[in-house]
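**Student:** Structure provided below as structure tokens; questions to follow.
The values are calculated or read from the model by the stated rules, or taken from the named source; none is laboratory data. In this text, all values refer to a predicted model and were calculated from it rather than measured experimentally. Ideal geometry is used to build each Cβ from the backbone, glycine not excepted, and the neighbour counts take in all protein chains shown. Protein only, heavy atoms only, side chains kept; ligands, DNA and RNA dropped before computing areas. Shrake-Rupley method; radii C 1.70, N 1.55, O 1.52, S 1.80 Å.
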Amino acid sequence: MKKIALIFVLLLTINSLAAAQGVDWIKEHYTKKDYRIKMRDGVTLFTSVYSPKDTAKVYPILIVRTPYTVAPYGEDKYPQNLGPNDTFAKEGYIFVFQDVRGQFLSEGKYDNMRAYIPNKKSSKDIDESSDTYDTIDWLVKNLKHNNGNVGIWGISYPGFYAAMSLIDSHPALKAVSPQAPISNWFIGDDMHHNGALTLSMSFNFFKGFDQQRDSLTTQWKPGPKYDSPDMYNFFLKLGPLPNANKKYFEGKLPFWNAMLQHGNYDSFWQSRNNLPYFTKVKPAVLIVGGWYDSEDLYGPLHIYSSIEEKNPSNKTHIVMGPWSHGGWARSDGSIFGDFTFGENTSDYYNKNLLTPFFDYYLKGTGTSNLPEAVTFRTGSNVWVNYDEWPPKNVETKSLYLAPNKKLEWNKLTLKKNLFDEYLSDPNKPVPYTSKFYDSQQMYNRTYMDEDQRFASSRPDVLVYETSPLDNDVTVSGPIAAALFVSTTGTDADWVVKVIDVYPDGEKNPEKNPNGIEMGGYERLIRFEMFRGKFRNSYEKPQPFVPNKVTEVKINLNDIDHTFLKGHKIMVQVQSSFFPFFDRNPQKFVDIYNAKEGDFQKAFNRVYFSENYPSSIKFNVLK
């Protein structure tokens, strides 16, 4: 059965939580009222409020602001669940769900990642921070039986709106949990990684989400309909990006169109970067992310870092678990891809971290002894508490690319500039996954720990690995790659993958429904894409000089992973990751408006010597 991109939305709405109270239970215990709350510029935002029927007590307010609909609409219609998990509704909160400005039954014009306005001069200067402030102000003054304390949470786009509430926050806002929040749509979240477009995700998301409503509505507007083969071949046949409008979108998607006009990191993207503005943060913060979140892993890590840097005394915490995008709310988190974790990690997070956080700051119950950072360490499969993230009790080490497909712990002393070379053909790009998926899905969610043997067997993927490890090696924090490269073209993409290679004698799991072969399994731990023309500046791209050795630095998102004794650490380097990312023509052009004739083959080289020490750098726990 064909899927549509809006499955992404359905998975992350308030009705997608793993535990459900049920409609009848909620009706029995909660009263629903709908309101239109007026903002400072006169625009009204549609807001549904569920209040406990037990009015003998007062309750905190817990808000979700979403662009994905607050359905079901109507005061006689109730959802399956309320709150981040089953405990919240049973303990009693006033639950508030709001269509953000310009979406569904809320007035105004919608703007993706609406830019924050630092110096507001009149009531017409509005943003998501001001809309949240005005909403909270109305709620605490008008909702009966509230205790004056407000919390906000949300996953993905609602996580972005939760994060924006921290800026110029209302005094009643005491606790905020941005979960998989967005921070920068050009550098690292959702739509781009280092300037490279996430093709299958962006195409399938915006074809539905970017459809413009004709009036206030409770329904999604349908996107284009077309035959849908497997994802790889669909997007390969699509050809250059302008064909998306010619064949499918017909120029009707305003944000997609705007994106094609802003191929560099100009003011359009810079204004949507919220990281500079997390100053004077006053509410307690619990940021949540997943190590296997292919959409918004950059956001949680960097928003946490921004808040910590600018507000060192604020109560800010971060939780990173073994989850995909929103996996802590719609799965038990006991398995991802081919790997199990030995426990229900989502249950651990909900019981021990999320619920106590809101109970303490909004109800005054329990204690405030949450660790600064809590991560689930993959490889060894244990929860770890940290006093800070990234941890400081580490030793910085580097692995150097070397001849004969080796990774060496010591810097090379080779005087001769050696290299490995591959032919990169944009008409035969390296697939990002071995699995074939319907093109109307956004991506294969489990690719982020997938066996990479399908890629290492290709001639256009370079492979380097250590000898078997003598001891466990735990890498905690960010990873930085420095590649010395050349290309016969004038632009090139560079993908770096860090991989945990299992011993040849590794036993297969007793229950093995997927028929996996663990001996020699190449488990993806982290990867990153970098569009080479942005190596010196995202604002002012520069072509490569053909055949000239050039350094490209690539920052990979954090990990907390133990490479066990007897395993090997592998690094793969390639120039495509399709169709998760779009193809680089390998010619210095505006890729958003490239033509078929711009795409060309190129020979790409990676160098290793004393003069050109290609390497990856990371922090190893002492």
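**Student:** Semi-axes of the equivalent ellipsoid for the range 146-247, please: Cα gyration tensor eigenvalues, times 5, square-rooted, ordered largest first, whole Å. Write down the numbers at each step before the final one.
**Tutor:** Values: eigenvalues 248, 67, 23 Å².
Semi-axes (√(5λ), whole Å): 35, 18, 11.
**Student:** Once you order the gyration tensor axes a ≥ b ≥ c over the Cα atoms, which shape class does the range 409-449 get: rounded for a/c under 1.5, otherwise prolate or oblate by comparing a/b with b/c? Intermediate values should be presented prior to the final figure.
**Tutor:** Details: a/c = 6.10, a/b = 2.17, b/c = 2.81.
Oblate shape, in that a/c is at least 1.5 and b/c is the bigger or equal ratio.
**Student:** Further question: Round to the nearest 10 and give me the degree value, 0 to 90, for the angle of helix 199-209's Cα axis relative to the longest principal axis of the chain.
**Tutor:** For 199-209 against the chain, the angle is about 20 degrees.
**Student:** Over the Cα atoms of the range 114-200, what is the Rg over Rh ratio if Rh follows Kirkwood? Each step should come with its number before you reach the end.
**Tutor:** Numbers: Rg = 15.3 Å, Rh = 14.4 Å.
Dividing the radius of gyration by the Kirkwood radius yields 1.07.
**Student:** Taking the C-alpha atoms of the range 116-155, how large are the radius of gyration and the largest Cα-Cα span, Dmax, in Å?
**Tutor:** Final numbers for Rg and Dmax: 12.5, 35 Å.
**Student:** Could you give the distance between the Cα centres of the range 177-215 and the range 372-412, to the whole Å?
**Tutor:** Between the Cα centre of the range 177-215 and that of the range 372-412, the gap is 30 Å.
**Student:** If I stretch the segment between residue 252 and residue 270 completely, what's the gain in nm (0.36 nm per residue apart, minus their alpha carbon distance), one decimal? Write down the numbers at each step before the final one.
**Tutor:** Working: separation 18, 0.36 × 18 = 6.48 nm, distance 2.43 nm.
Full extension from residue 252 to residue 270 adds 4.1 nm.
**Student:** Using modelled amide H (1.01 Å from N, peptide plane; none on Pro or chain starts), what sits under 5 Å from the amide H of residue 146, excluding residues fewer than 5 places away?
**Tutor:** So residue 146 has HN proximity to 59.
**Student:** Rg and Dmax in Å for the range 289-393, alpha carbons only: what are they?
**Tutor:** Over the range 289-393's Cα set, Rg and Dmax evaluate to 14.0, 41 Å.
**Student:** Amide H to amide H, which residues 5 or more places from residue 193 or on other chains are under 5 Å from it, using H placed in the peptide plane?
**Tutor:** It is 198, by chain and number.
**Student:** Please give the Cα centre distance for the range 492-506 versus the range 334-362, rounded to the nearest Å.
**Tutor:** 28 Å
**Student:** In the range 8-133, what percentage of the DSSP-assigned beta bridges are antiparallel, given to the nearest 5?
**Tutor:** Working: 13 of 19 bridges.
If we restrict to bridges inside the range 8-133, about 70 percent are antiparallel.
**Student:** Across bins of 5 angstrom width beginning at 0, how are the C-alpha pair distances of the range 410-534 distributed, in whole percent?
**Tutor:** In whole percents, the pair-distance histogram is 2, 7, 15, 19, 20, 17, 11, 6, 3, 1, 0.
**Student:** Please turn the phi angles of the range 177-182 into ³J(HN,Hα) values with the Karplus equation 6.51 cos²θ - 1.76 cosθ + 1.60 (θ = phi - 60°), one per residue in order, whole Hz, x for glycine and proline.
**Tutor:** Karplus values, whole Hz, x for Gly and Pro: 10, x, 10, 6, x, 8.
**Student:** For residue 216, what accessible area in Å² do you get when you roll a 1.4 Å probe over the heavy atoms of the protein chains, rounding to the nearest 10?
**Tutor:** Approximately 80 Å² for this residue.
**Student:** What are the ³J(HN,Hα) couplings of the range 448-455, residue after residue, when phi is run through the Karplus curve with 6.51, -1.76, 1.60 and θ = phi - 60°? Round to Hz, x for glycine and proline.
**Tutor:** Result, rounded to whole Hz: 6, 9, 6, 4, 9, 5, 5, 8.
**Student:** I want to verify the translational diffusion coefficient of the range 480-589 in µm²/s; compute it with Stokes-Einstein, Rh as the Kirkwood radius over Cα pairs, at 37 °C and 0.692 mPa s.
**Tutor:** On the way: Rh = 16.0 Å.
It diffuses with D of about 205 µm²/s by this estimate.
**Student:** Let me ask another. Counting only residues 5 or more places away or on other chains, whose amide H sits under 5 Å from the amide H of residue 326 once H atoms are built in the peptide plane?
**Tutor:** Placed amide hydrogens put nothing under 5 Å from residue 326.
**Student:** Students often check this: by mean Cβ neighbours within 10 Å, which of 401-414, 36-49 ranks highest, and how do the rest follow? List each step's numbers first, then the result.
**Tutor:** Numbers: 401-414: 15.1, 36-49: 18.4.
The densest-packed peptide leads the list: 36-49, 401-414.
**Student:** Roughly how many percent of the accessible protein surface of the chain is carbon and sulfur, given a 1.4 Å probe and a whole-percent answer? Walk me through the numbers before you get to the answer.
**Tutor:** Numbers: 11580 of 23910 Å².
Roughly 48 percent, rounded to a whole number.
**Student:** Quick one: if the Förster radius is 56 Å, what FRET efficiency do residue 233 and residue 109 give, using the C-beta to C-beta distance and rounding to 0.05? Show your work: numbers first, answer last.
**Tutor:** Details: r = 38 Å, r/R0 = 0.67.
The pair residue 233/residue 109 has a calculated efficiency of 0.90.
**Student:** Additional query: How many percent of the alpha carbon pairs in the range 219-358 exceed a separation of 25 Å?
**Tutor:** Details: 5223 of 9730 pairs.
Here the long-distance tail beyond 25 Å is 54 percent of all Cα pairs in the range 219-358.
**Student:** Over 28 Å between Cα atoms, which of 282/351; 497/533; 77/280; 406/565; 77/124; 109/533 qualify?
**Tutor:** Correct reply: 77/280; 77/124; 109/533.
**Student:** Turning to a different aspect of this structure: What Kirkwood hydrodynamic radius, in Å, does the range 265-344 give when the mean of 1/r is taken over all pairs of distinct Cα atoms and then inverted? Mind dumping the intermediate values first?
**Tutor:** Numbers: mean 1/r = 0.0701 Å⁻¹.
Kirkwood radius, the range 265-344: 14.3 Å.
**Student:** Which percent, nearest 5, of DSSP beta bridges in the chain are antiparallel? Mind dumping the intermediate values first?
**Tutor:** Working: 83 of 114 bridges.
Once the DSSP bridges in the chain are tallied, antiparallel ones form about 75 percent.
**Student:** Ok, one more. Residue farthest toward the positive end of the dipole of the range 342-473, with Cβ of Lys/Arg at +1 and Asp/Glu at -1: which of 370, 414, 385?
**Tutor:** 414
**Student:** Return P(r) of the range 45-192 (all Cα-Cα pairs; 10 Å bins starting at 0; whole %; ordered from short to long distances).
**Tutor:** 11, 41, 36, 11, 1, 0
**Student:** At residue 549 and residue 335, where each label point lies 7 Å from the Cα along Cα→Cβ, what is the point-to-point distance in nanometres?
**Tutor:** For the pair residue 549/residue 335, the computed spacing is 4.9 nm.
**Student:** With a Cα-only, solvent-free Debye model of the range 17-124, what are the log10 I(q)/I(0) values at q = 0.12, 0.14, 0.17 Å⁻¹?
**Tutor:** -0.47, -0.62, -0.84
**Student:** What shape does the range 341-458 have by the C-alpha gyration tensor, where a ≥ b ≥ c are the square roots of the eigenvalues, rounded means a/c under 1.5, and otherwise prolate means a/b greater than b/c and oblate the rest? Don't skip to the end; give the middle numbers.
**Tutor:** Details: a/c = 3.46, a/b = 1.62, b/c = 2.13.
Judged from the Cα gyration tensor, the range 341-458 comes out oblate (a/c at least 1.5, b/c at or above a/b).
**Student:** If you don't mind, there's one more thing I want to ask. When N is the residue count of the chain, what does its C-alpha Rg come to as a fraction of 2.2 N^0.38 Å? Before the final figure, lay out each step's value.
**Tutor:** Details: Rg = 24.6 Å, N = 622, 2.2 N^0.38 = 25.4 Å.
Against the empirical 2.2 N^0.38 Å value, I get 0.97 for the chain.
**Student:** I'd like to check one number: the per residue accessible area of the range 500-580, probe 1.4 Å, reported in Å² as a whole number. Present the calculation step by step, with values, prior to reporting the outcome.
**Tutor:** Values: 3400 Å² over 81 residues.
For the range 500-580, the per-residue accessible area is 42 Å².
**Student:** Under the Karplus relation 6.51 cos²θ - 1.76 cosθ + 1.60, θ = phi - 60°, what is the ordered set of whole-Hz ³J(HN,Hα) values for the range 32-44, x standing for Gly and Pro?
**Tutor:** Calculated HN-Hα couplings, in order: 9, 9, 9, 9, 10, 8, 7, 8, 5, 9, x, 6, 9 Hz.
**Student:** May I have the convex hull volume per residue, in Å³, for the Cα set of the range 174-226?
**Tutor:** Details: hull volume 7.3 nm³, N = 53.
Per-residue hull volume (Cα only) is 138 Å³.
**Student:** Here's another thing I want to ask about it. Under a plain spin-label model, where a point goes 7 Å from the Cα along Cα-to-Cβ, how far apart in nm are residue 141 and residue 213?
**Tutor:** 2.5 nm
**Student:** What share of Cα pairs, in percent, lie more than 17 angstrom apart in the range 524-622?
**Tutor:** Numbers: 3100 of 4851 pairs.
Tail of P(r) above 17 Å: 64 percent of Cα pairs.
**Student:** Here's a follow-up. Counting Lys and Arg as +1 and Asp and Glu as -1, what is the net charge of the other residues whose Cβ lies under 13 Å from the Cβ of residue 125? Please list the in-between numbers first.
**Tutor:** Numbers: positive: 40, 114, 120, 121, 124; negative: 41, 127, 128, 131, 134, 168.
In short, -1.
**Student:** Over all alpha-carbon pairs of the range 383-436, lay out the pair-distance distribution in 10 Å bins, whole %, shortest bin first.
**Tutor:** So the P(r) values, bin by bin, are 15, 24, 24, 27, 9.
**Student:** Sticking with this one: State the percent of C-alpha pairs, over all pairs in the range 77-156, separated by a distance greater than 15 angstrom. Mind showing how you got there, number by number?
**Tutor:** Values: 2135 of 3160 pairs.
Counting every Cα pair in the range 77-156, those more than 15 Å apart make up 68 percent.
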